[in-house]
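So the structure is just underneath, and the comments pick up after that.
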Amino acid sequence: MKRGFTLIELMIVVVVIGVLVAIAIPNYYSLVDRAKVASVIANMHTAQVTVETEAMELSQTYFPNIASFVNVLPGNFINPYDQGNVSIQNEGDVNIEGVVEYEGDARYYTITGYGKDLINTIFILNPATHAF
């Protein structure tokens, strides 16, 4: 007589593996989403540091739009949700997920970040909320 696993034992192993996968997959997607949100916040901080640095070194005023400073942003400034394309835009443009939005004038600016939820912002930065 040959020894081996019974059908019941194999079915129990499959059920246990299925339960573990059912627990692990939602946690994985939650972790990926939190990492993307953290990347958007890092992009926002990078934009803020760029605006503050350029304003201090050049004109002592902030910029009216992103065209004024987008050329000095670092090359690793990418949208984590689509790996490229639009990562920063002016206020009033159509929002897309993962975008950093800039609104400014000579005395004040607001940097807003959007995640998957395009109605609610992730975070808002302005001269009163930055910390170095």
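Summary of values
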read-out	value
Check on Ile41, surrounded by fewer than 10 Cβ atoms within 10 Å (Cβ to Cβ) and either touching a Phe, Trp or Tyr at 6+ places or on another chain (Cβ under 7 Å) or in a helix (DSSP H, G or I) (or both)	no
From Asp93, Asp117, residue being of a type outside the set (Val, Ile, Thr), closer than 18 Å to Arg34 by Cα and not in a helix (DSSP H, G or I)	Asp117
Residue count for the range 50-74, restricted to those that are β-branched (Val, Ile, Thr) and either in contact (Cβ under 8 Å) with a residue 60 or more places away in the chain or part of a loop (DSSP other than H, G, I, E, B) (or both)	2
Tally of residues being charged (D, E, K, R) and closer than 23 Å to Asn76 by Cα across the range 1-59	6
Verdict on Gly113 being in contact (Cβ under 8 Å) with a residue 40 or more places away in the chain, closer than 22 Å to Tyr29 by Cα and either in contact with a strand residue (DSSP E or B) (Cβ under 8 Å, 6 or more places away or on another chain) or surrounded by 13 or more Cβ atoms within 10 Å (Cβ to Cβ) (or both)	yes
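None of the figures in this text is laboratory data; all of them are computed from the coordinates on show. Fair warning: this is a prediction, and the values are worked out from it, not measured in the lab. Backbone-built Cβ (ideal geometry, glycine too); neighbour counts: all protein chains shown.
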